[in-house]
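In what follows, a single structure is set out as structure tokens and then discussed.
Please treat every number below as a calculation from the coordinates, not as lab data. Since the structure is predicted, the reported quantities are computational estimates derived from the model, not experimental observations. Here the Cβ positions follow ideal geometry from the backbone for every residue, glycine too, while neighbour counts run over all protein chains shown.
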Amino acid sequence: MDNNAINIYLPTSWKELSNAQLYYVFSLLSDCMSLEQLKTYCFFRWGEVAVVCRYGDGYVLRHGKKEFQASAQLVANAIHALDFLGTMPDYPVRISRVKGCRALPADFQEVEFQRYLYLENLYQGYLAKHDQNLLQQMADLMYNKDNLKINRAEKMNVFYWFTSLKLLFARRWPNFFQPAANQNSNMMEHGKPIELQLQEATNAQIRALTGGDITKEKTILEMDTWRALTELDAKAREAAQMEAKYGK
């Protein structure tokens, strides 16, 4: 065993990050850092490594009680372990509590469909307008607290959470979300106000689930989000099969 070896442990995926680590990442992201800067800051903090001083073309670093020399290239190679920070999480992650308020389930299982629809409209509105107040409104719904005052890092948390949620949904229900992706891209075009387009999209989903029977609307809105999306995906698949067989 090499007594001079330095063992530095780093997370290798988004799902391994603790609440404190997520908060740190979102704080850095809210400062518009480059990916290399982000990974470097996280490497030193999470690896519990400190810079003692510069030494030639490199540095003298401290880890625990040990000091060691490292070139700039060695550090640059080491931070590749954190390359995952340059991608969206492949499964929804979020800070589990904000200002003492508990978050909804990360994957929205057992979250009522109505709440998801509200959040989807706010999210699409944010993508179109970049209005930070929309992220604030999303936080109220995602943490079950009216007028929850959140900072820039917590807004970034909301954005990453819902974006990674949508990516999960697109993989799980591709028949429904593939057409939705094309539709959402059209919302950026001139024409109807985005608020009206979003309302029409929401109404279309509700009509698809109720079959036009308004007496079922309350039941549909209270349905579990995953159950509702499973039904919508099945209907989208059936519609695509009918179109392929008989045409529009």
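Below, the figures for the structure above:
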| item | result |
| --- | --- |
| Using alpha-carbon coordinates, inclination of helix 19-30 to the longest axis of the chain, degrees | 80 |
| For peptides 69-77, 42-50, sequence by mean Cβ density within 10 Å, most packed first | 42-50, 69-77 |
| Square roots of 5 times each gyration tensor eigenvalue, C-alpha, the stretch 14-86, largest first, Å | 23, 14, 11 |
| Percent of alpha-carbon pairs separated by more than 24 Å within the stretch 1-129 | 45 |
| Computed [θ] at 222 nm, deg cm²/dmol, the chain (DSSP H ≥ 4; -39,500 (n - 2.57); rounded to nearest 500) | -17500 deg cm²/dmol |
| Nearest 10 degrees, 0 to 90: helix 194-210 Cα axis against the chain principal axis | 70 |
| Cα long-axis angle, helix 35-46 against the chain (0 to 90 degrees, to the nearest 10) | 60 |
| Candidates per GluC sites (Glu not before Pro) in the stretch 72-178, loop by DSSP, up to 16 other Cβ within 10 Å | E110 |
| Diffusion coefficient, µm² s⁻¹, Stokes-Einstein with Kirkwood Rh over alpha-carbon pairs of the chain at 10 °C and 1.306 mPa s | 76 |
| Dipole axis of the chain (+1 Lys, Arg; -1 Asp, Glu on Cβ), positive-most option in L141, I79, A201 | I79 |
| Cα-centred dipole magnitude for the chain, charges only on beta-carbon of K, R (+1) and D, E (-1), debye, nearest 20 | 300 |
| Of the trypsin sites (Lys or Arg not before Pro) in the stretch 91-159, those whose Cβ has at most 14 other Cβ within 10 Å and which sit in DSSP loop | K99, K149 |
| Stretch gain in nm, segment D146-C32, where the contour uses 0.36 nm per residue and the Cα spacing is subtracted | 38.2 nm |
| Mean Cα-pair separation over length for the chain, i.e. relative contact order, pairs under 8 Å, 6 or more apart, % | 20 |
